[in-house]
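J.: I'd like to ask you about the structure that follows.
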Amino acid sequence: MANTVTIEVDANTRGAEKNIGGMGSKIKNLAKPVAIGSAAVTGMAAAAIKLGDEFKEAENIIRAGTGASGEDLEALKTSFNDVFANVPNDSKEVATAIADLNTELGLTGEDLTSASTAFLNLSRTMGDDASAAIKAVSDSLVAFGEPADSVESHLDKLTVASQAVGVPVTKLAESVVKFSPQLKEMGFSLEESTALFANMEAAGLETSRMMPGLNTA
């Protein structure tokens, strides 16, 4: 018997515009027409310095988290700029998501930009810690031999299951990872395993007690 979650997702973050307009919302006060006086100039300069410091800190986070340098680091910085321009998260959160996904799944370019945005959106809207969610979801893909570029698709399914049963995405993914050897032995796919645990949670069943019995059966 296999339990499945069938989901249609009508969202495409890949189509998000990548332009300075998004980033402008974070620094909008820097470009307002003002009567230039010493106080205004000082304030603008201070804001510009603060923003520069944030970008430097973000670069350091990405470099330390991934070990990237040269062209690889520049590519990751470009991904950071694209994501930072389109989400309200602070620079540290964005840089950490970029570093985590690159390290966990080897994502780069558009795949990295889109997946980072998805996890940051999840963190804001559902309360999951982005880093913990990235690790749990990435580990579940690895455990079942799923390709790295399917991370957003799986995250969508986890999100719908989470909303349906009231269990955090991270917890569902961690449960799947924990029992992946038994689940694969029973012939469950990653999607079926996610549905199984979601149904167990919805029924109030403890997976740690149910799985040994299912494995024996």
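The values are calculated or read from the model by the stated rules, or taken from the named source; none is laboratory data. Small disclaimer: the values here were computed from a predicted structure and weren't measured. Because the Cβ atoms are built from the backbone with ideal geometry, glycine has one as well, and the counts that use them run over all protein chains shown. To get the accessible areas, we keep the full protein, side chains included, count just its heavy atoms, and leave off ligands, DNA and RNA. Shrake-Rupley method; radii C 1.70, N 1.55, O 1.52, S 1.80 Å.
J.: Please go through region 119-215 and write out the GluC sites (Glu not before Pro) that DSSP classes as loop and that have at most 14 other C-beta atoms within 10 Å.
T.: Details: sites: Glu152, Glu174, Glu185, Glu191, Glu192, Glu201, Glu206; in loops: Glu206.
Answer by residue number: Glu206.
J.: Follow-up question, since we're still on this one. Remind me, relative contact order of region 46-142 in percent, using alpha carbon pairs under 8 angstrom and six or more residues apart? Each step should come with its number before you reach the end.
T.: On the way: 98 pairs, mean separation 25.7, N = 97.
Normalised by residue count, the contact order of region 46-142 is 27 percent.
J.: If you count only protein heavy atoms with a 1.4 Å probe, what accessible area per residue comes out for region 111-193, rounded to a whole Å²? Walk me through the numbers before you get to the answer.
T.: Details: 3260 Å² over 83 residues.
About 39 Å² of surface per residue is accessible.
J.: Longer than 26 Å from Cα to Cα, which of Lys135/Lys157; Lys56/Lys178; Lys56/Lys171; Lys77/Lys178; Lys92/Lys184; Lys135/Lys184 are they? Say none if no pair is. It would help to have the intermediate numbers written out before the result.
T.: Numbers: Lys135/Lys157 16 Å; Lys56/Lys178 37 Å; Lys56/Lys171 33 Å; Lys77/Lys178 34 Å; Lys92/Lys184 37 Å; Lys135/Lys184 20 Å.
Where the Cα-Cα span goes over 26 Å, the pairs concerned are Lys56/Lys178; Lys56/Lys171; Lys77/Lys178; Lys92/Lys184.
J.: Now a separate question. Considering only protein heavy atoms and a probe of 1.4 Å, how much of the accessible area of region 76-119 is carbon and sulfur, as a whole percent? Present the calculation step by step, with values, prior to reporting the outcome.
T.: Values: 630 of 1400 Å².
That share works out to 45 percent.
J.: If one computes P(r) from the Cα atoms of region 53-198, what percent of pairs lie at distances over 19 Å? Before the final figure, lay out each step's value.
T.: Working: 5231 of 10585 pairs.
The answer is 49 percent, as a whole percent.
J.: Please arrange Asp128, Asp82, Asp53 by accessible surface area, largest first, computed with a 1.4 Å probe and ligands excluded.
T.: Numbers: Asp128 10, Asp82 45, Asp53 95 Å².
The residues order as Asp53, Asp82, Asp128, largest area first.
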